[in-house]
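The values are calculated or read from the model by the stated rules, or taken from the named source; none is laboratory data. In this text the structure is predicted, and so the values were computed from the model without any measurement. FYI the Cβ positions are ideal-geometry reconstructions off the backbone, even for glycines, and counts take in every protein chain you see.
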């Protein structure tokens, strides 16, 4: 069962990472063509970017995160390197959301609208992906880093939540 979950996690992560590389390139190169000035060219760009994002990259991201969460709970891996990996995965999620925002805005703001440079997402995505890969393969001992944090960040504060944050 664990081997199957790992296979699903790695396969979906590979598709998600490929999408985080391909989408900025697609939007940068294909989205700035001269043909995009015509309605047919614009419709083709919208269809391609929207479908790639909603039917391939986003489902792969959801499956990767879900399978990773199940693996995390099943294997009970709560080391410092795993928490650092989750921070890097959160960065990948933010890049993914920003690309989705750009795709959505390109649909809604036709006309004089110019996409911000989507290629800026590429180095961010690559940095987060490299961080995840390094953390998973090296499993570094992060205890010196944790020990260098102030005591207030390393110990519970034994305080109640502010009244505005209490859900019930």
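Taking residue 134 as the residue in question, decide whether it is part of a helix (DSSP H, G or I) and in contact with a helix residue (DSSP H, G or I) (Cβ under 6 Å, 6 or more places away or on another chain).
For residue 134, the condition - part of a helix (DSSP H, G or I) and in contact with a helix residue (DSSP H, G or I) (Cβ under 6 Å, 6 or more places away or on another chain) - is not met.
Could you check, for segment 112-119, whether at least one of its residues is in a helix (DSSP H, G or I) and either surrounded by fewer than 12 Cβ atoms within 10 Å (Cβ to Cβ) or in contact with a helix residue (DSSP H, G or I) (Cβ under 8 Å, 6 or more places away or on another chain) (or both)?
Checking segment 112-119: at least one residue is in a helix (DSSP H, G or I) and either surrounded by fewer than 12 Cβ atoms within 10 Å (Cβ to Cβ) or in contact with a helix residue (DSSP H, G or I) (Cβ under 8 Å, 6 or more places away or on another chain) (or both).
Here are 77, 70: which of them is modelled with pLDDT under 90 and under 24 Å from residue 3 (Cβ atoms)?
Going through 77, 70 in turn, the sole match is 77.
Yes or no: residue 105 closer than 21 Å to residue 28 by Cβ, more than 18 Å from the chain's Cα centre (by Cα) and either assigned to a helix (DSSP H, G or I) or modelled with pLDDT of 95 or more (or both)?
yes
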